[in-house]
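What follows is one structure encoded as structure tokens, with my remarks underneath.
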Amino acid sequence: MNRILMVSVFVGGLFYLYKKQSTPAGPTPEEIVLEEVEKLKAEIPEPPPELEEAPPIVLSNVELQKIRLSTKDSNSEVRWAAIELLHRLQDPLSFKILQDTLRIDTEVTVRHKALQILQGIDRPEVAVSLVKSLRDTEKQIRMAALVGLGEIANPETTPHIVQALVDVDPDVRTQALHTLGRIQEKKDEQHKQRQEKIRADYEEKVREIESKMEYKKQKLKKTARDLLKTTMKQIEGK
């Protein structure tokens, strides 16, 4: 009886292999899922057209030129209103006008306002302008320039900040020390963030590989179970 069973299993296995070779293989479950995903992708609408980075300026070049001339008005309030408007309009010359204002305007409040706007602009030339302001005759400007340099945290500016340690005003000297400390603090933060990103990227890659490995394991187990079930059904059908 055992011999008959063994022969039946052997014959059933041969029959299964013959059918598998002679019958074209249908799509696998994974291929069916991928096909459905591609169909869904085709239904995704086209993205909307990109909007302009900034709305167009409503003023003509002639009108802009008149506003630029107002930045040289004899009244400090008029000068600043014109400078601020050009900055808001993102006039191509507004950055240079701010630099010139910080360097040569006669009113300390106007220079200080220009400095505050400049330190919020992400351009390498800003650090150069703030370094030049360390030689301003007004303590208020020198102090503000040091604060701004601390936030920019460009190590190349530290030699100029160190020179402020011999400033005639003790408050400026104190701020120079705070600024040097702030630059180091920001560099420490950036280093920590880079390390955290490297670690997070590594852990994400490990999770991705482990997930793929687990998927392949489950797929192999399923394939083995399906093969066993198919073989048993064919044997039982005999």
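The values are calculated or read from the model by the stated rules, or taken from the named source; none is laboratory data. Every value quoted in this text rests on a predicted model; they were computed, and no experiment measured them. Quick reminder, even Gly has a Cβ in these numbers, built from the backbone with ideal geometry, and neighbours come from all protein chains shown.
Tallying residues that are outside any helix (DSSP H, G or I) and at pLDDT 95 or above within the stretch 75-92 yields 1. For the stretch 132-160, a residue qualifies if it is surrounded by fewer than 19 Cβ atoms within 10 Å (Cβ to Cβ) and in contact with a His (Cβ under 7 Å, 6 or more places away or on another chain), and exactly one does: Gln140. Among the residues of the stretch 159-184, just one is in a loop (DSSP other than H, G, I, E, B) and closer than 10 Å to Leu146 by Cβ, namely Asp167.
In the set (1) in contact with a Ser or Thr (Cβ under 6 Å, 6 or more places away or on another chain); (2) over 15 Å from Ala164 (Cβ atoms), the condition left unmet by Glu125 is number (1). Taking the criterion of being over 18 Å from Ile83 (Cα atoms) and without any contact (Cβ under 8 Å) to a residue 24 or more places away in the chain, would at least one residue in the stretch 142-160 satisfy it? Yes: one or more hits. Quick check: is even one residue across the stretch 96-111 of a type in the set (Ser, Thr, Tyr), assigned to a helix (DSSP H, G or I) and either crowded, with 17+ Cβ neighbours inside 10 Å or free of Cβ contacts under 8 Å to residues at least 12 places away in the same chain (or both)? The answer is yes; a qualifying residue exists. Residues of the stretch 81-118 that are charged (D, E, K, R), over 28 Å from the mean Cα position of the chain (by Cα) and over 21 Å from Leu149 (Cβ atoms): Glu84, Glu107. Restricting the first member to the stretch 77-95 and to residues that are exposed (fewer than 13 other Cβ atoms within 10 Å of the Cβ), and the second to residues that are not β-branched (Val, Ile, Thr), the beta-carbon pairs closer than 6 Å and six or more apart or on different chains are Gln90/Ala54.
Check the stretch 216-223 and report whether any residue there is among the hydrophobic types (A, V, I, L, M, F, W, C) and in contact (Cβ under 8 Å) with a residue 24 or more places away in the chain. Within the stretch 216-223, not a single residue is among the hydrophobic types (A, V, I, L, M, F, W, C) and in contact (Cβ under 8 Å) with a residue 24 or more places away in the chain.
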